[in-house]
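These notes concern the structure reproduced below.
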Protein chains: 2
Amino acid sequence: MSASLRIEVNCKLYLRDPQETELGRRMIAESVRLIDEIGLEHFTFRKLAQRMQSTEASLYRYFENKYRLLGYLVSWYWAWLRFQIRFHTHNVPAAALRLRLILGILTRAHRDDPTTTELDEAALYRIVVRESSKAYLTHEVDEDNQAGLFREYKYLVADIAGVVQELSPAYAYPHALISTVVEAAQKQLFFARHLPSLTDTSADATEQRIYRFLEGLLFGALHPPESA
Amino acid sequence: MSASLRIEVNCKLYLRDPQETELGRRMIAESVRLIDEIGLEHFTFRKLAQRMQSTEASLYRYFENKYRLLGYLVSWYWAWLRFQIRFHTHNVPAAALRLRLILGILTRAHRDDPTTTELDEAALYRIVVRESSKAYLTHEVDEDNQAGLFREYKYLVADIAGVVQELSPAYAYPHALISTVVEAAQKQLFFARHLPSLTDTSADATEQRIYRFLEGLLFGALHPPESA
DNA sequence: CCTCACATGAAAGTAATACTATCAACCACA
DNA sequence: TGTGGTTGATAGTATTACTTTCATGTGAGG
C-alpha cells in the first residue's frame, strides 16, 4: 500500500485540497461514511467534526459548505469511474463490445474495488445514487456550471457518447442517450432497493437485471426497428 | 369559473387539507411561485408567510415541513398528469398511438393548460423538474414509502407501464422503462436549459427533440433488433 | 538553536432556520 | 348568546451555518 491513484477534480470545489493533508483525507473518508449513514439533509459539519474529533472551523477551511463537499465527492467518483472505464476498455477495438463493458462497469460500480484507496466505495456509490443529483438540481446551477463544477460528469458523458458515435455515427442523440443511461443506472438501483414498484422483478439478480434493461435500452435506441 | 377539477393526493402528506380553505389554497399557489423563484433549499415557511401576509405558525398547521409541502405539490402534479393522460387517450384503441400521445403529454407538460385552476403550471412544472426527486431521495425514503407518500407517482408509472404491456406483452421491463422515460423527460429538459453538453442540439425545438429522443428510446427498447 | 509560516484547536459569537407554545380575536353556526 | 374552530401575533427554543479571534504546536529554513 499503495499506489492509490491520484484523482483530480476541479479546484473550485474546495478551498484547500483535502488530498494534501491528513486531516483533509480523514475528512473525505469520514464524510462518506456519515453522509451515507444519515443522509445529506441531516449531515452537518458540526456532526462530522465531532465524529472526527476535529472542529467545525477546521472543516470550513477545506470546503465552503456541505454542498461543495458533496460536489467534490461526486466529481471524484465520476473521475474515478472514467478512469476505470479507460483502464478496462483501452485495448478493446470493437465499439459495441466497449459499450457493453462500460455498461457493465456502470452497473457494477457499487461493488468494492480492492485496488483503490482507503475509501469506502460502496458507501460512496450509495451517496452518488441518493445525493448526486442534488449537486446540480439547485437554484445556482448556472453559476456553478460556469465555474466548471460539473465538468467531471460532462467528461464522462462525453467519453461514452464518443463510443456511441463511433458505433452509430448517424444516431442523433448520443449525449442525451448516455446521460439518460448513466442516470438510469443509479435510479433503477435506488428504485430496486426502495421503491420496487417502479422497476420490474425477474429471476436475475438486481445488478444483472439493470444491466440487461439498460443494454436493451441502449442498443435498441441505436438500432431502431423502422422509425417512420 | 370554474369547474377546476379536484385532484386528491394521499392525506398523509398534509396536516390539514389545503384545498379546503382560502388560506390553504393561497399557500399552495404562493409556494409554487416562491419555490420556483428561489429554489427549495432557500425556501422557508417564514419567507412564504411574509409573502402571503400570514404567519409561520399558520402555515405549519397545514404541512409538517417544506418537504411534505414539496411532496404534496409533486403528487398533485403526477395526479394531474395522470388525469390529463386518461382524458386525452381514453378513446384511443391502438396501444402504440396511445403511447405516443402519452409521450407528447409528458414532454409538453410544462406548457400552461388554460383549462385548469389558478395555479401557475409552468412554475409547477419547473419545480417538478428541479425538485421532485428530492421528495424521495432521502434517508427516510422507506418510511415515507410505507406511508404511501409516493403512490401518485407509482400510479402514473403503473398506468403507462400497462400500455407498454398491452403493446409488447413479452417485454420484461415495462416499469423500469417507463420510470426511466418519465425521469428522462424532466432531466433532459433541465439539461437543455442548464447543462446543454449533456444533451444534443438539433434543428428541432427542445421540446420536439426530447420527444423524438424518447420516442426512439421507448420504441427501440420494445422492438429490439435481434437481441442475442 | 531560533523563528517564521502555517495548520489546527478552542472558544465564542451571529444570523437564520425549523420549529412549538400560548393567547387573543374573530367568524360561523346553533 | 355561547361555542368551536381558524387565524394572527408574539415569543421562545434548539439547531444550523457559518465567521472571527487567538493560542498552540510543528516543521522547514537560516
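Only one of the listed residues (B:LEU48, B:LEU23, B:LEU34) is farther than 30 Å from B:ILE85 by Cβ and touching a Leu at 6+ places or on another chain (Cβ under 6 Å). That residue is B:LEU48.
Selection over region B:151-172 of residues that are free of Cβ contacts under 8 Å to residues at least 40 places away in the same chain and in a loop (DSSP other than H, G, I, E, B) gives a count of 3. Would you please name the residue that is surrounded by the most Cβ atoms within 10 Å (Cβ to Cβ), looking only at residues in region A:167-183 that are more than 8 Å from chain B (Cβ to nearest Cβ) and more than 17 Å from A:GLU215 (Cα to Cα)? This residue is A:PRO169.
Residues considered: A:TYR62, A:TYR72, A:TYR67. Of these, the only one that is within 12 Å of DNA strand C (Cβ to nearest atom) and modelled with pLDDT of 95 or more is A:TYR62.
B:ALA94 falls short of the stated requirement of being crowded, with 16+ Cβ neighbours inside 10 Å and either within 16 Å of DNA strand D (Cβ to nearest atom) or over 16 Å from the mean Cα position of the chain (by Cα) (or both). Answer yes or no as to whether B:GLU20 is of a type outside the set (A, V, I, L, M), within 12 Å of DNA strand D (Cβ to nearest atom) and closer than 16 Å to B:ILE127 by Cβ. Answer is no for this residue. Assess whether A:TYR153 counts as being under 24 Å from B:TYR136 (Cα atoms), more than 7 Å from every other protein chain (Cβ to nearest Cβ) and either of a type in the set (Lys, Arg) or crowded, with 21+ Cβ neighbours inside 10 Å (or both). Judged against the criteria, A:TYR153 is a match.
Filtering B:SER54, B:SER31 for residues that are more than 14 Å from chain A (Cβ to nearest Cβ) and part of a helix (DSSP H, G or I) leaves a single hit, B:SER31. Any chance region A:200-208 includes a residue that's within 7 Å of another protein chain (Cβ to nearest Cβ) and assigned to a helix (DSSP H, G or I)? Scanning region A:200-208, I find no residue that is within 7 Å of another protein chain (Cβ to nearest Cβ) and assigned to a helix (DSSP H, G or I), so the answer is no.
Go through region A:42-51 and report how many residues are out of contact with any helix residue (DSSP H, G or I) (no Cβ under 8 Å at 6 or more places or on another chain) and near DNA strand D (Cβ under 9 Å from one of its atoms).
Of the residues in region A:42-51, 1 are out of contact with any helix residue (DSSP H, G or I) (no Cβ under 8 Å at 6 or more places or on another chain) and near DNA strand D (Cβ under 9 Å from one of its atoms).
When A:LYS134 is tested against the conditions (1) within 14 Å of A:SER31 (Cα to Cα); (2) modelled with pLDDT of 95 or more; (3) not aliphatic (A, V, I, L, M), the lone failure is (1).
Taking the criterion of being of a type in the set (Val, Ile, Thr) and within 17 Å of B:GLU131 (Cβ to Cβ), would at least one residue in region B:86-98 satisfy it?
If we filter region B:86-98 for residues that are of a type in the set (Val, Ile, Thr), which is where we start, we get B:89, B:92.
Add one more test, that the residue is within 17 Å of B:GLU131 (Cβ to Cβ), and what stays is none.
No, region B:86-98 contains no residue that is of a type in the set (Val, Ile, Thr) and within 17 Å of B:GLU131 (Cβ to Cβ).
Residue by residue, here is whether (1) touching a residue at least 40 places away in the same chain (Cβ under 8 Å); (2) among the small types (Gly, Ala, Ser); (3) in contact with a Gly (Cβ under 6 Å, 6 or more places away or on another chain) holds:
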position	(1), (2), (3)
B:ALA49	no, yes, no
B:ARG68	yes, no, no
B:TRP78	yes, no, no
B:HIS88	no, no, no
B:GLU121	no, no, no
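Would you check if A:GLU20 is within 14 Å of another protein chain (Cβ to nearest Cβ) and within 11 Å of DNA strand C (Cβ to nearest atom)? First the steps, then the outcome.
On the way: within 14 Å of another protein chain (Cβ to nearest Cβ): no; within 11 Å of DNA strand C (Cβ to nearest atom): yes.
It is false that A:GLU20 is within 14 Å of another protein chain (Cβ to nearest Cβ) and within 11 Å of DNA strand C (Cβ to nearest atom).
Applying the set (1) over 24 Å from the mean Cα position of the chain (by Cα); (2) more than 13 Å from DNA strand C (Cβ to nearest atom); (3) not acidic (Asp, Glu) to B:ALA57 leaves exactly one unmet item: (2). When each of B:GLN208, B:GLN186 is tested for being buried (at least 18 other Cβ atoms within 10 Å of the Cβ), over 26 Å from A:SER202 (Cβ atoms) and of a type in the set (S, T, N, Q), the lone residue that passes is B:GLN186. Applying the set (1) hydroxyl-bearing (Ser, Thr, Tyr); (2) away from DNA strand D (no atom under 13 Å from the Cβ); (3) more than 14 Å from chain A (Cβ to nearest Cβ); (4) more than 23 Å from B:ASP159 (Cα to Cα) to B:TYR72 leaves exactly one unmet item: (4). Quick check on B:SER132: is it within 16 Å of DNA strand D (Cβ to nearest atom) and in a helix (DSSP H, G or I)? Spelling it out, it is not the case that B:SER132 is within 16 Å of DNA strand D (Cβ to nearest atom) and in a helix (DSSP H, G or I). Residues that are under 25 Å from B:SER133 (Cβ atoms), in contact (Cβ under 8 Å) with a residue 24 or more places away in the chain and within 16 Å of DNA strand D (Cβ to nearest atom) within region A:26-36 comprise A:SER31, A:ILE35, listed in sequence order. Flag: A:LEU137 matches the condition of being crowded, with 19+ Cβ neighbours inside 10 Å and assigned to a loop (DSSP other than H, G, I, E, B). Here A:ARG6 clears all of (1) within 14 Å of chain B (Cβ to nearest Cβ); (2) more than 14 Å from DNA strand C (Cβ to nearest atom) except the condition numbered (1). Restricting A:LEU13, A:LEU34, A:LEU40, A:LEU23 to residues that are crowded, with 17+ Cβ neighbours inside 10 Å and touching a Ser or Thr at 6+ places or on another chain (Cβ under 7 Å) narrows the list to A:LEU13.
The values are calculated or read from the model by the stated rules, or taken from the named source; none is laboratory data. It should be emphasised that the depicted structure is a prediction, and the values quoted were computed from it without experimental measurement. Cβ coordinates were reconstructed from backbone atoms using ideal geometry, including for glycine residues, and neighbour counts include every protein chain displayed.
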